[in-house]
1. Please specify each residue of region 77-103 satisfying the condition of being part of a loop (DSSP other than H, G, I, E, B) and within 14 Å of the chain's Cα centre (by Cα).
2. Let me spell it out: the conditions are (1) modelled with pLDDT of 95 or more; (2) surrounded by 11 or more Cβ atoms within 10 Å (Cβ to Cβ), and residue 15 meets all of them except one. Which number is the exception?
3. If residue 9 passes every condition in (1) at pLDDT 60 or above; (2) surrounded by fewer than 13 Cβ atoms within 10 Å (Cβ to Cβ) but one, which one does it miss?
4. Just need a number here: residues in region 38-76 that are surrounded by fewer than 16 Cβ atoms within 10 Å (Cβ to Cβ) and assigned to a strand (DSSP E or B).
5. Kindly indicate the residue of region 22-71 that is closer than 16 Å to residue 93 by Cβ and out of contact with any strand residue (DSSP E or B) (no Cβ under 9 Å at 6 or more places or on another chain) and also modelled with the lowest pLDDT among those meeting that condition.
6. Between 74, 90, 97, which is at pLDDT 95 or above and on the phi < 0 side of the Ramachandran plot?
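The values are calculated or read from the model by the stated rules, or taken from the named source; none is laboratory data. In this text, all values refer to a predicted model and were calculated from it rather than measured experimentally. Positions of Cβ are backbone-derived with ideal geometry, glycine not excepted, and every protein chain shown enters the neighbour counts.
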């Protein structure tokens, strides 16, 4: 490999010389903070919302909003959304999550 040209930086050279790649390091870090599981959880929540016709999301002040009512949702899906970090606001008829805002 040619370490004198981008995208290699000195820390990447040192990692590779010690038998570790940046890709492996990133994967280990993501597993430590739960980011891989987290993204799968967010995707699962969005799939549930999509099943009921949600057309988008809004993110404002570190809160993710999904403007859709829970009226036609199954109790299993409502429980699952709660497990995934979403709370239903019955006053304004939308779901929100502080877990997924501005990740």
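1. Hits for region 77-103 are 84, 85, 86, 98, 99, 100, 101, 102, 103.
2. (1)
3. Failing condition for residue 9: (1).
4. Total meeting the criteria: 4.
5. The selected residue is 55.
6. Details: 90 fails: at pLDDT 95 or above; 97 fails: at pLDDT 95 or above.
The match here is 74.
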